[in-house]
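To keep things clear, I will list the structure first and then write my remarks on it.
The values are calculated or read from the model by the stated rules, or taken from the named source; none is laboratory data. This is a predicted model, so every value here is computed, not measured. Cβ: placed from backbone, ideal geometry, glycine included. Neighbour counts: every protein chain shown. For accessibility, only protein heavy atoms count, side chains too; no ligands or nucleic acids. Shrake-Rupley method; radii C 1.70, N 1.55, O 1.52, S 1.80 Å.
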Amino acid sequence: MTKPMSLKIENLTKHYSLPQGDLAVLTGVDLTVQPGEFISIVGASGCGKSTLLRLIGGLEQVSEGRILFDETPIQNPGLDRGIVFQESRLFPWFTIEENIAFGCRKNLVESEKQQIVQDHIKLVGLLGFEKAYPHQLSGGMQQRTAIARALVSRPQILLLDEPFGALDALTRIQMQQEILNIWQKEKITVILVTHDIDEAVFLGDRVLVMSNRPGTFKKTLSVPLARPRDRNSAAFLALRKKIYDEFFSKKKTGGRSR
Amino acid sequence: MVSNPPPKPKHPFSFYLLPFILPILLITVWQLASNLDWLQSSILPSPLVIAQTLLDLLKSGELLKNIAVSLLRVLEGFAIGAGLGLIAGLIMGLSRSMERLLSLITGLLRPIPTIAWIPALILWMGIGESSKITVIAVGSFWPVLLSVIQGVRSTDPKYLEVARILEKDRVTLLTKVIIPSALPSIFTGLRIGMGIAWASVVGAELIAASSGIGFMIMYAREVSQPDVMLVGVAAIGLTGLLIDFLLLQLQRRLLKWNSVWGGES
Ligand SMILES: Nc1ncnc2c1ncn2[C@@H]1O[C@H](COP(=O)(O)OP(=O)(O)OP(=O)(O)O)[C@@H](O)[C@H]1O
Ligand SMILES: [Mg+2]
C-alpha cells in the first residue's frame, strides 16, 4: 500500500442556488481525519450529511473553504475515495462478479483482476453468488456487493452514506460487524453517515453530531471503548444517551403525548 | 447457488389454446357463409379454397420464393436503416448541440410517410432493388433513431455518477453503462422499425416489382385470382408475426438481467 493520506476540511461552506435564492446547506465545517480513523456522522434528515460526503467524493464543488486530501484540494471524483450510497446503485445488467470487477482500476492483467474480484467476493461473504444478477439478491447482499465494488480499487477512504438505512435491524447489525471486520483488515479510513445513534457509537472512533440547516458539527465525541464493543454496557449506553440528548434535550420533559 | 434460473411457471393447457379460439370461430363462420352462398367466391373465396391454393403455391415453391425475395429486401434495408438510426441516435442522444443542429431536419423529414418517398426514389434510382431497399431503410430508420435517443437520455444519472467515481473512460461509459441501460428502449425501436420495414417492402413491391410477396398480391388482382391474393395477404401477416417473435426471443436473451423485459411477457 501507498503511504496513508490525511483528509482535512477547512471552514467549508456549501450553498445551492435555487430560483427563490441561495440555500445554505453547510457552514463552517472543520474536520481533520487521521489515516485509518473510523468517523461516524449523525444528523437529522436534510442537514447536509450526504452533501458533505458528495463534496469529499468530488461529486460537488465547495462554495467556500477547502477540502484537502493529501494536502491537495479535491476537484474531482477518484478511485482513492470509494463511495457507497444508500441505494446500492449496482448495474442491473451486470452479474455480481461483473459489478465488482467494474470497480477495478484499468490496466490490470485479466488474471490479476479475477483474483482481486474473487478475494473481495470472499471478503463480503458472497461466494456462490458470482453469477447472480442484482435483482436476484436481497438488499443486504446488494449492499455488500456495492461495498466490494468500492473496495476493489483499494481506496484510501471509504465514504458510506447510510449504507444500511434500508435494511432490517438484524441484517443491519450483521452488516455493521462486517464493515468493522473489513475496516480492521484493510486499515482504511472510513467516514460513515447515519441516522442511527446506536450504529454511530458502535462503529466510530469519533462521533460527529451535525446541527440542522445550515449544517455544521456542533459536537464531537470520541468513543474510548475497546472493540468488540458491547451495545449494552453502561459506558456504551451513557455515550448513546449523550448523543440522543443533543437532538432531543430541549423536549426532555412533557410532550410525551405523541 | 443461484446459477440455475428459476423454473418457468407452468400454464394450464387452456392458456395456450386461448389465442386460437377467435380465429377458429371466425374461419368456421366464414366457411359456413360460403357454403350457404352468402359470399361471392369471386370476391371472397371460402377458407377451404384458400387453403387449397396455399398448398398449391407451397408445392410449386412460388410462395416461399416470393417471401424469401421480400425478406431479403427487408433484411438489407433494415440493416442499413436501423444501423444508421443507431449511430445517429447515439450521436444525438449524447450531444445536445448535435441534436439541436439536426433537430429541424429530422423534425421536417420524420412526419413524411415512407410510401410518399417511393415515386421520388423510383425517379432517382429506377425501379431496381436499390429504390426498394432505400424505402425500407427510411422506414426503419425513424423508430430506431427516436428510441435510441430516448434510451440514451434516460440513463439514470446515478449510474453515470458511479462511473465517474470509478474513473471510467468515455468508451467504457458508453459500452458498459449507457448502451446497456438504453437497451430495453432500443429493442422497442428495433421491433417497431422491423414492423415498418416489413410493411414498406410490401408497399414498394405493390408499386414497382417483378417478384416478392407484394408483387404476387398485385399480380393476382390483375389476373382475378382472389384466392392467391388472400394467401399473399395472410402470408404477410404470418411472416410479420414470426419476425417479431424471433426479435422477442433475442430481446429476452439479451435482457435477461432485466426482471421486466427479460422475463415472460
Ligand atoms: N442538487 C441540489 N440542489 C439544491 N438543493 C440541494 C441539492 N442537493 C441537496 N440539496 C438540499 O441540501 C439539503 C441537504 O441535503 P442532503 O441530501 O445533504 O441531506 P442529508 O443530511 O443527507 O439528509 P438525509 O438524512 O435525509 O439523507 C437539503 O435541504 C436539500 O434540499
Ligand atoms: Mg442523505
I'd like to check something: does region A:201-209 contain any residue that is assigned by TED's automatic domain parsing to the domain that holds residue A:23, open to solvent by less than 40 Å² (accessible area, probe 1.4 Å) and within 16 Å of ligand 2 (Cβ to nearest atom)?
yes
Among the candidates A:79, A:90, residue that is surrounded by 15 or more Cβ atoms within 10 Å (Cβ to Cβ) and over 18 Å from residue A:163 (Cα atoms):
A:79
Quick one: what pairs do we get from region A:50-71, first residue free of Cβ contacts under 8 Å to residues at least 24 places away in the same chain, second small (Gly, Ala, Ser) and more than 16 Å from ligand 2 (Cβ to nearest atom), C-beta under 8 Å, 6+ apart or different chains?
A:58/A:78
Please enumerate the residues belonging to region A:19-53 that are in contact with a Pro (Cβ under 9 Å, 6 or more places away or on another chain) and crowded, with 18+ Cβ neighbours inside 10 Å.
A:25, A:26, A:27, A:47, A:48
Which ones in region A:56-66 are within 17 Å of the chain's Cα centre (by Cα) and on the phi < 0 side of the Ramachandran plot?
A:56, A:57, A:59, A:60
Considering only region B:49-57, I want to know if a residue exists there that is of a type in the set (D, E, K, R) and closer than 20 Å to residue B:231 by Cβ.
yes
With the condition kept exactly as written, say whether any residue in region B:145-161 is closer than 30 Å to residue A:80 by Cα, of a type in the set (A, V, I, L, M) and surrounded by fewer than 21 Cβ atoms within 10 Å (Cβ to Cβ).
yes
Residues to consider are A:212, A:232; find the one that is farther than 24 Å from residue A:9 by Cβ and out of contact with any His (no Cβ under 6 Å at 6 or more places or on another chain).
A:232
Grab the helices (runs of 4 or more DSSP H) fully contained in region A:57-167, keeping just those with 3 or more residues being more than 13 Å from chain B (Cβ to nearest Cβ).
A:110-123, A:139-151
Considering only residues of region A:45-56 that are touching a strand residue (DSSP E or B) at 6+ places or on another chain (Cβ under 8 Å) and assigned to a loop (DSSP other than H, G, I, E, B), which is nearest to the other protein chains (Cβ to nearest Cβ)?
A:48
Cross-chain or 6+ apart pairs with Cβ under 6 Å, region A:179-197 first and within 14 Å of another protein chain (Cβ to nearest Cβ), then within 16 Å of ligand 2 (Cβ to nearest atom) and not in a helix (DSSP H, G or I):
none
Helices (runs of 4 or more DSSP H) fully within region B:157-234 counting 1 or more residues that are free of Cβ contacts under 8 Å to residues at least 12 places away in the same chain and more than 14 Å from chain A (Cβ to nearest Cβ):
B:213-222
The listed residue being within 16 Å of ligand 2 (Cβ to nearest atom), modelled with pLDDT of 90 or more and either surrounded by 17 or more Cβ atoms within 10 Å (Cβ to Cβ) or closer than 18 Å to residue A:83 by Cα (or both), out of A:191, A:157:
A:191
